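A short worksheet on the structure shown next.
The values are calculated or read from the model by the stated rules, or taken from the named source; none is laboratory data. The shown structure was predicted, so the numbers you read here are calculated from the model rather than taken from an experiment. Glycine gets a Cβ as well: all are built from the backbone with ideal geometry, and neighbour counts include every protein chain shown. Surface areas here come from the heavy atoms of the whole protein model, side chains and all, with no ligands, DNA or RNA. Shrake-Rupley method; radii C 1.70, N 1.55, O 1.52, S 1.80 Å.
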Amino acid sequence: MAFHNRLKELRQQQNLTLRKLGEKAGISYSILNSIENGRIIPSKDVALALAIALKIDDREAFVALAINPSQV
């Protein structure tokens, strides 16, 4: 599954808006919107901030999906 699809799925499971997730992760709405729509690939630091905000247990796998999509 592509990172942006996984991100959207996790965000919706937690009933978070893009704005609310952006606030929790310290990422602007416009950047988050671009990530979720697949227009940009997040940096490792941004992916980690999202993993923390979403309370993902396996943060390493989530970050790896963002930075190495072909290897996951």
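Side notes on the structure shown:
- A single member of Glu36, Glu23 is surrounded by 16 or more Cβ atoms within 10 Å (Cβ to Cβ) and acidic (Asp, Glu), and it is Glu36.
- When Gln14 is tested against (1) open to solvent by 30 Å² or more (accessible area, probe 1.4 Å); (2) of a type outside the set (Asp, Glu); (3) free of Cβ contacts under 8 Å to residues at least 40 places away in the same chain; (4) out of contact with any Ser or Thr (no Cβ under 7 Å at 6 or more places or on another chain), just one condition goes unmet, and that condition is (3).
- Restricting attention to the stretch 39-72 and to residues that are open to solvent by 50 Å² or more (accessible area, probe 1.4 Å), in a helix (DSSP H, G or I) and among the aliphatic types (A, V, I, L, M), the residue that is farthest from Ala2 (Cα to Cα) turns out to be Ile52.
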